[in-house]
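Participant: For reference, the structure I am asking about is given below.
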Amino acid sequence: MGAPGQPAGHTRHMHVTREHLVGISGDLTALTAPEARDLLVRRQISATELAHAVLGQIERTESQVRSFITVTADEALAQARAADVALGGSDPGATPPLTGIPVALKDLFCTTGVQTTAGSRILEGFIPPYDATVVARLRAAGAVFVGKANMDEFAMGSSTENSGYHPTHNPWDVSRVPGGSSGGSAAAVSAGQAILSLGTDTGGSIRQPASLCSVTGLKPTYGRVSRYGVVAFASSLDQVGPFSIGVEGSAMVLQAIAGADPMDATTAPFAVPDYRSTIRDGVKGLRIGVPAEYFTAGMEPDVERLVREAIQTLTSLGATVHPVSLPYSEHGLATYYIIAPAEASSNLSRYNGIKYGLAALDEVDMTRAMDATRQRGFGNEPKRRIMLGTYALSSGYYDAYYRKAQQVRTLIKADFDNAFASVDVIASPVSPTVAFKMGARTDDPLAMYLSDVCTIPVNVAGLPGISVPCGFDHQGLPVGLQLIGKAFDEATLFRAAFAYEEATSFHRQRPPLAEQADSEASVNQAAMGAGNAAGGPQRAPHA
Amino acid sequence: MTGTHHAGTSPATDYEVVIGLEVHAQVVTESKMFCGCSSRYSGAPPNTLVCPVCLGMPGSLPVMNRTAVEATIITALALNCEIPEFSKFDRKNYNYPDLMKGYQISQFDLPFSQAGWLEFDDPANPGQMRRAGITRVHLEEDTATLKHVRDSSGETYSLMDVNRAGVPLMEIVGDPDLRTADEAGSYLRAVRQILRYLGVSTANMDEGAFRCDANVSLRPWGQAEYGAKVEVKNMNSFRSVVRAIEFEMVRQRDILDAGGRIVQETRGWVDDRAITVTQRSKEAAHDYRYFPEPDLPPIITPAAEVERLRSLLPELPDAKRHRFANAYGMTSDVADTLTQTRALAEYFEQTVNLSDNARAAANWITRDVLRILGTTGAEIDQILLTPAHLADLIKLLDTGTISVRTAPEVLEEAVNTGSMPREIVQQRGLGQVSDTDALTTAVADAIASNPKAVADYRAGKATAMGFLVGAVMKATRGKGNPGLVNELLKQQLDG
Ligand SMILES: [Zn+2]
């Protein structure tokens, strides 16, 4: 049966059928979002089947990965059944674009009736009576929510080890971290526990775990996506974005969540372009800037090699490369670690046990109860940042720290403005290293902070950035390429990233634990690979 | 040196008293400052006018209420302030259970307005005005309310009502230009009157819609720098503001006279004991750690927008008072009374327009209408006697249709029933008899039946005429036109 209402451009690359997938291996968890959409609309699979597949994958792999704080299996199946009703109508192609597609939500997004912890014990038991705007928009787009993904407490961290609940493990090597703070969201997509997921990125919290887990992750322009209902870490830096296997899934999610929100005064009033309509336009003539400052001394050689190879691939597709200079970016980390803790110290002061979450009820005095709640509820990293931020804002220190940081912020932005006068995108590594061993940096906050040295300036400047898989190091651990765009020019990032992934196949490689245990898993991979421009089956290098 | 004075013996005038007032006024808006909840919390059951935003729930964000911003700028314009093109909101960080987010959204270094002034009646020189500087008028949000309870078993706890949290609150910061407690009272009355004229606040102190903190310090006469400042809070009436300042003046003077030092601190007024007590020392003062509110973009107010708002300003009390005195030839006292509220002034002017008799309108209003308002406790726009009624009454008098004697009865009836005076006069037959024929008979009867009075009149006794007029009025049951009666009596007696 045909796919009425499907624009031809969106289905051109679709060669996957139910026979390939369900008939041969049954592994629906390897689907990309556009593939799942195509099969759902053509009724080759049902949303309920897809939900069962993903929930089964969670059941099978969660003890090793631990991506979730809460799994909402019952809700997911109910949403999937509703999606099947919609898809069973006369015009399934007219259903909302994410109908029946399983999505994991970072536990930072408020979800009506479902516990939202921000990864902190201080919010344990908090059940919001409202949806974050992005959650409401995904709901309206038909998404099926499989659970609330683990994260560093209040999004403070780069390894998901700072979770108040449990650490998440990297699906590629469970002895290593998945990155953070959206580590649960990245690991879930990587392990096939969800087709798509949503995270937030304040200093790299989407791009860095995307890089470490070999998935696509986008941090949109500040103001592109509403922050309403997103538990705030650093209000002037936080931004919501997607994770996906393949670039197109991220474009589908951004399409659904982007745009002005009357509930968030910092959202931009600009219209949202149709991202998928230009995603296949290629990179011929695209000017790529390469900043020397982002290939730092502490960078692992494999990371630098793979990122430079990726840039080479883009030039082979018709892009041109130009050196650019971003000299103030070296102050990005220092700037960030003034502004973000300052805003956090204020944002986190509402958690005092009076209204929701943990409450030190054994204390009789009101002020003592508030203090005790905070002492018990916050982990070390939030406490560290509250103290840093409080200090930076204190009378007598404000000018030397907060005001100075805002001034440097302006200079970092100006650097990018200068660079973008002559290039369309800027390419760099995402993280200077591959996924590190769990516990390796937990006692060294500064080493942990350095994980985000290449991503932080992008937040400080409010620009969009995307991480796309660009290969594996000598140990078989994933590496990501970062592409940074002009403000509100996510369309160009999608176009460049898509051209790159069409020319490669890294995004198709799955971590071994994501593969179904049966022998047909490789057959499935072959089927998947058959639809890929690069061709040929893809296996994890160290499998 | 101040330390050489003897305690208790030196008059307070040895020191100059320096007073600056900070007024908080709730802004009248439909919805709260940063969310869609109703701001009309008075009388609402606790915690019914709340949403994630004003509850400070995780992830909630503020969205600015444009009406509150405009009300603030209009107030600032009425207080002769400058309106900068660029302003912003800031976070004022402190922890208290009634502060839902752990910070208050306020304005720190770039408020909506600055550098204005206000004129108020000089209590020391009746009829003269004094001027005080206005530092700034800015906008912030109100807090929740806490109620501390001790139940019958002796257990104590606190109840919180979040209805008030997020209600827009305007802060009017005055320069330290006031020198006596009475000046402070007069200044406050002027501020309240302007807020009410503008309709931006009910400015009712007993409802908490109008609050005042006083900064009080003393310095030796002629000294340029200010003395240590004491901030006095918790006054719940104009009278308690005046009393608290008076108390603080004496307290500080006694300390200085005894050779002591004034401690910079915050003190609370305890009304039933009529004293101030220490609340917080300077050392324990909050460091509010202000920084720009990242959730709200800065506010740009172009000059054209300022002029648009300025054009919305009504005539203010001072200007109205002057115009009334000049245009209607009334004393400044009467003008003052008639301009107490914008509604009363409008009532007066409507009555004048309809009756064409400003003097009568002023008399009736200052005497009778205000008495009615006083006894009933009603507002001017709540009584049945409208300007049309009053103008009708004045016209009945001016055309001689009724006499001065019957007018109070007609007024009373109009107040009670809302009937037009003309109809009341008709229904009750209260119209004055101006029919010469009818009166001529009554006059002749009076002359005939009062020979002694006639004789007295002819003998030159002035009171006799009054007696005869009285007799005619009695015969006509008070409806005789007194002028006509007089005239007819003279004709018949002298003719
Ligand atoms: Zn509200």
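The values are calculated or read from the model by the stated rules, or taken from the named source; none is laboratory data. All of these numbers come straight from a predicted model, not from anything done at the bench. All Cβ positions, glycine included, derive from the backbone under ideal geometry; neighbour counts span all protein chains shown. The protein model used for the area step is the full one, side chains on, heavy atoms only, and it has no ligands, DNA or RNA in it. Shrake-Rupley method; radii C 1.70, N 1.55, O 1.52, S 1.80 Å.
Participant: Identify the residue in region B:131-171 that is farther than 30 Å from B:ASP109 by Cβ and part of a loop (DSSP other than H, G, I, E, B) and, among all such residues, is nearest to the ligand (Cβ to nearest atom).
Facilitator: B:ASN163
Participant: Away from chain A (no Cβ under 11 Å) and more than 16 Å from the ligand (Cβ to nearest atom), is that true of B:ARG91? Please lay out each step first, then the result.
Facilitator: Working: away from chain A (no Cβ under 11 Å): no; more than 16 Å from the ligand (Cβ to nearest atom): yes.
In short, no.
Participant: Considering only residues that are surrounded by 20 or more Cβ atoms within 10 Å (Cβ to Cβ) and under 21 Å from B:ASN125 (Cα atoms), which ones fall in region B:168-184?
Facilitator: B:LEU178, B:ALA181, B:GLU183, B:ALA184
Participant: Hey, any hits in region B:96-103 for a residue that's in contact with an Asp or Glu (Cβ under 9 Å, 6 or more places away or on another chain), assigned to a loop (DSSP other than H, G, I, E, B) and more than 16 Å from the ligand (Cβ to nearest atom)?
Facilitator: No, every residue in region B:96-103 fails to be in contact with an Asp or Glu (Cβ under 9 Å, 6 or more places away or on another chain), assigned to a loop (DSSP other than H, G, I, E, B) and more than 16 Å from the ligand (Cβ to nearest atom).
Participant: Check whether at least one residue in region B:345-367 is open to solvent by less than 70 Å² (accessible area, probe 1.4 Å) and under 28 Å from B:ALA76 (Cβ atoms), and report yes or no. Let's see the steps before the verdict.
Facilitator: Taking region B:345-367 first, the residues open to solvent by less than 70 Å² (accessible area, probe 1.4 Å) are B:345, B:347-349, B:351-352, B:355, B:357-358, B:360-362, B:364-366.
Imposing the further condition that a residue be under 28 Å from B:ALA76 (Cβ atoms) reduces the set to B:345, B:349.
Taking every residue of region B:345-367 in turn, at least one turns out to be open to solvent by less than 70 Å² (accessible area, probe 1.4 Å) and under 28 Å from B:ALA76 (Cβ atoms).
Participant: Restricting attention to region B:58-78, and to residues there that are closer than 18 Å to A:ALA118 by Cβ and more than 10 Å from the ligand (Cβ to nearest atom), which single residue is surrounded by the most Cβ atoms within 10 Å (Cβ to Cβ)?
Facilitator: The initial filter retains those residues of region B:58-78 that are closer than 18 Å to A:ALA118 by Cβ, namely B:58-61.
Add one more test, that the residue is more than 10 Å from the ligand (Cβ to nearest atom), and what stays is B:58-59, B:61.
On the way: B:PRO58: 27, B:GLY59: 23, B:LEU61: 24.
The residue in question is B:PRO58.
Participant: Moving on. State which residue is farthest from the chain's Cα centre (by Cα) when the search covers only region B:27-57 and only residues that are open to solvent by less than 20 Å² (accessible area, probe 1.4 Å) and away from the ligand (no atom under 11 Å from the Cβ).
Facilitator: The selected residue is B:THR29.
Participant: Starting from residues that are in contact (Cβ under 8 Å) with a residue 40 or more places away in the chain, over 25 Å from the mean Cα position of the chain (by Cα) and open to solvent by 80 Å² or more (accessible area, probe 1.4 Å), keep the ones in region A:388-417 and report whichever is farthest from the other protein chains (Cβ to nearest Cβ). Break it down into steps so the answer makes sense when it comes.
Facilitator: Here is the first cut: in region A:388-417, the residues in contact (Cβ under 8 Å) with a residue 40 or more places away in the chain are A:388-390, A:392-393, A:401-402, A:404-406, A:408-409, A:411-416.
So of that shortlist, the ones also over 25 Å from the mean Cα position of the chain (by Cα) come out as A:388-390, A:392-393, A:401-402, A:404-406, A:408, A:411, A:414-415.
Narrowing the set further to residues that are open to solvent by 80 Å² or more (accessible area, probe 1.4 Å) leaves A:401, A:404.
Numbers: A:TYR401: 11, A:LYS404: 13 Å.
Ranking the candidates gives A:LYS404 first.
Participant: From A:SER211, A:SER197, A:SER182, grab the single residue that is touching a Phe, Trp or Tyr at 6+ places or on another chain (Cβ under 7 Å) and under 19 Å from A:GLY246 (Cβ atoms). Write out each step before concluding.
Facilitator: On the way: A:SER211 fails: touching a Phe, Trp or Tyr at 6+ places or on another chain (Cβ under 7 Å); A:SER182 fails: touching a Phe, Trp or Tyr at 6+ places or on another chain (Cβ under 7 Å).
Criteria check complete, one pass: A:SER197.
Participant: Quick check on my filter: what residues within region B:298-320 are within 14 Å of another protein chain (Cβ to nearest Cβ) and either within 24 Å of A:SER346 (Cβ to Cβ) or of a type in the set (Asp, Glu) (or both)? It would help to see each step written out before you state the result.
Facilitator: Initially, region B:298-320 is screened for residues within 14 Å of another protein chain (Cβ to nearest Cβ), giving B:298-300.
Correct list: B:PRO298, B:ILE299.
Participant: When B:GLY133 is evaluated against the numbered criteria (1) over 30 Å from A:ASP371 (Cβ atoms); (2) among the small types (Gly, Ala, Ser); (3) open to solvent by 30 Å² or more (accessible area, probe 1.4 Å), which criterion, by number, is the only one it fails?
Facilitator: (3)
Participant: Please pick out the residue among A:THR367, A:THR335 that is out of contact with any His (no Cβ under 7 Å at 6 or more places or on another chain) and either open to solvent by less than 10 Å² (accessible area, probe 1.4 Å) or part of a loop (DSSP other than H, G, I, E, B) (or both).
Facilitator: Values: A:THR367 fails: either open to solvent by less than 10 Å² (accessible area, probe 1.4 Å) or part of a loop (DSSP other than H, G, I, E, B) (or both).
Just one listed residue meets the conditions, A:THR335.
Participant: Next up: Pairs, please: C-beta under 8 Å, at least 6 apart or cross-chain, first residue within 8 Å of chain B (Cβ to nearest Cβ) and in region A:354-375, second part of a helix (DSSP H, G or I) and among the hydrophobic types (A, V, I, L, M, F, W, C)?
Facilitator: Partner pairs satisfying both residue conditions: A:ILE354/A:MET370; A:TYR356/A:LEU123.
Participant: Across region A:252-290, what is the total count of residues that are within 14 Å of chain B (Cβ to nearest Cβ) and either closer than 21 Å to A:THR95 by Cβ or in a loop (DSSP other than H, G, I, E, B) (or both)? Don't jump to the end; show me each part of the working.
Facilitator: Restricting attention to region A:252-290, the residues satisfying the condition of being within 14 Å of chain B (Cβ to nearest Cβ) are A:260-269.
Among the residues that remain, those that are also either closer than 21 Å to A:THR95 by Cβ or in a loop (DSSP other than H, G, I, E, B) (or both) are: A:260, A:262-263, A:265-269.
Going through region A:252-290 one residue at a time, the tally reaches 8.
This table checks each residue for (1) among the β-branched types (Val, Ile, Thr); (2) within 14 Å of chain A (Cβ to nearest Cβ); (3) free of Cβ contacts under 8 Å to residues at least 40 places away in the same chain; (4) out of contact with any Gly (no Cβ under 9 Å at 6 or more places or on another chain).
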site: B:THR276; (1), (2), (3), (4): yes, no, no, no
site: B:LEU296; (1), (2), (3), (4): no, yes, no, yes
site: B:HIS322; (1), (2), (3), (4): no, no, yes, yes
site: B:ASN326; (1), (2), (3), (4): no, no, yes, yes
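Participant: Just to check your reading of the model, which residue among B:ALA190, B:ALA124 is more than 16 Å from the ligand (Cβ to nearest atom) and in a loop (DSSP other than H, G, I, E, B)?
Facilitator: Working: B:ALA190 fails: in a loop (DSSP other than H, G, I, E, B).
The unique qualifying residue is B:ALA124.
Participant: Ok, one more. From the list A:ALA82, A:ALA51, which one is farther than 25 Å from A:GLU515 by Cβ, among the hydrophobic types (A, V, I, L, M, F, W, C) and at pLDDT 95 or above? I'd like the intermediate steps shown before the answer.
Facilitator: Working: A:ALA51 fails: farther than 25 Å from A:GLU515 by Cβ.
A:ALA82 is the lone residue from the list that is farther than 25 Å from A:GLU515 by Cβ, among the hydrophobic types (A, V, I, L, M, F, W, C) and at pLDDT 95 or above.
Participant: Condition check: in the same structural domain as B:PRO297 (by TED's automatic domain parsing), in a loop (DSSP other than H, G, I, E, B) and touching a Phe, Trp or Tyr at 6+ places or on another chain (Cβ under 8 Å). Does B:PHE108 satisfy that? Even if it seems obvious, please write down each step before you answer.
Facilitator: Working: in the same structural domain as B:PRO297 (by TED's automatic domain parsing): yes; in a loop (DSSP other than H, G, I, E, B): yes; touching a Phe, Trp or Tyr at 6+ places or on another chain (Cβ under 8 Å): yes.
Yes; evaluated as a whole, the condition is true for this residue.
Participant: Out of curiosity, is B:VAL53 within 17 Å of B:ARG164 (Cβ to Cβ) and either touching a Leu at 6+ places or on another chain (Cβ under 7 Å) or within 11 Å of chain A (Cβ to nearest Cβ) (or both)? Quick ask: steps written out before the conclusion?
Facilitator: Values: within 17 Å of B:ARG164 (Cβ to Cβ): yes; either touching a Leu at 6+ places or on another chain (Cβ under 7 Å) or within 11 Å of chain A (Cβ to nearest Cβ) (or both): yes.
Here the answer is yes, as B:VAL53 does meet what is asked.
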